[in-house]
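The values are calculated or read from the model by the stated rules, or taken from the named source; none is laboratory data. Since this is a predicted model, take the numbers as computed values, not measurements. Here the Cβ is made from the backbone with ideal geometry for all residues, glycine too, and neighbour counts use every protein chain on show. The protein model used for the area step is the full one, side chains on, heavy atoms only, and it has no ligands, DNA or RNA in it. Shrake-Rupley method; radii C 1.70, N 1.55, O 1.52, S 1.80 Å.
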Amino acid sequence: MGWELAEVVIDAAVSARTTERPGLQKILAGLRDRSIGRVIVVKLDRLTRSVRDLGDILDIFNGTDSALVSIGEHLDTSSAAGRLMLNLLASVSQWEREAIAERTATALGHKRKQRVVYGSTPFGYSREGEKLIENPEEQDALAEMKRMDVAGASYRKIVAMLDVRGVRPHGGKAWYASTVRAVLRSRIANEAAA
């Protein structure tokens, strides 16, 4: 397009879900001090995956009379039509990400209710093939953990009770306050109580 390419900025191995990326922050600083007049991205989702973040970034572009150009989507925010299309695409992208998250949460919830293994084996259960089977000793310990938690016992006090009973966490040698909290706040532990 006859534009001079001044620099290529890459935020390797950093998700576009956050704007706290060194390369992006460098670009935004250049826009603010007006040393950058145009930013070209390969695809919009390499810049950001959030409509809110995109809005904030576009405000910076608009406030400095700079242009954002996306090669993949054939967009150029130096025109009103380009800005409209950019906002529409960002909204669709965010909707798609949220829809995927909803479908995943629903599928995992169904697996939890069916006691089908989909990750690490939660405390209180053992694996039998692809099924989760209640482990009676761990279920008893879990019930006591819940009772103590509701009664206001500290996580350290619950750790002491588990140590006295000789109950060990999965994959761990010792209980910690953080592992007790994770077990008590896990979805499967709370679904079992419901």
Angstrom value of the Kirkwood radius, inverse mean 1/r, which spans all Cα pairs in the range 1-80: 12.9
Cut-off 16 Å (backbone N to label point 7 Å along Cα→Cβ of residue 191), residues of the range 111-151: 111-128, 130-135
Sorted from largest down, give the three principal axis spans of the alpha carbons of the chain, whole angstrom values. 73, 32, 28
Taking the Cα centre of the range 136-194 as origin, work out the dipole magnitude from +1 charges on Lys and Arg Cβ and -1 charges on Asp and Glu Cβ, in debye rounded to 20. 260
Tally up the carbon and sulfur contribution to the accessible surface of the chain as a whole percent, 1.4 Å probe, everything protein left in place. 54
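Provide, as a two-decimal number, the C-alpha radius of gyration of the range 33-96 over 2.2 N^0.38 Å, N being how many residues it has.
Values: Rg = 10.9 Å, N = 64, 2.2 N^0.38 = 10.7 Å.
Against the compact-globule rule of thumb, the ratio is 1.02.
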What ³J(HN,Hα) values, in whole Hz, does the Karplus curve 6.51 cos²θ - 1.76 cosθ + 1.60 give for the range 94-104 when θ = phi - 60°, with x put for Gly and Pro? 5, 4, 4, 4, 5, 5, 5, 4, 5, 5, 5
Would you grab the residues whose amide H sits under 5 Å from the one on residue 67? Only those 5+ places off in sequence or on another chain, please, with H modelled 1.01 Å from N. 38, 39
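Per residue, what volume in Å³ does the Cα convex hull of the range 76-183 take up? Kindly include the intermediate steps, with their values, before the conclusion.
On the way: hull volume 19.1 nm³, N = 108.
Spread over its residues, the Cα hull of the range 76-183 gives 177 Å³ apiece.
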With a 1.4 Å probe and every protein chain left in place, work out the accessible area per residue of the chain in Å², rounded to a whole number. 64
Counting sequence-distant residues (5 or more places) and residues on other chains, those with an amide H built under 5 Å from that of residue 132 are 116, 117
Non-local residues with an amide H under 5 Å from the amide H of residue 125, with H modelled 1.01 Å from N and Pro and chain starts lacking one, are 135
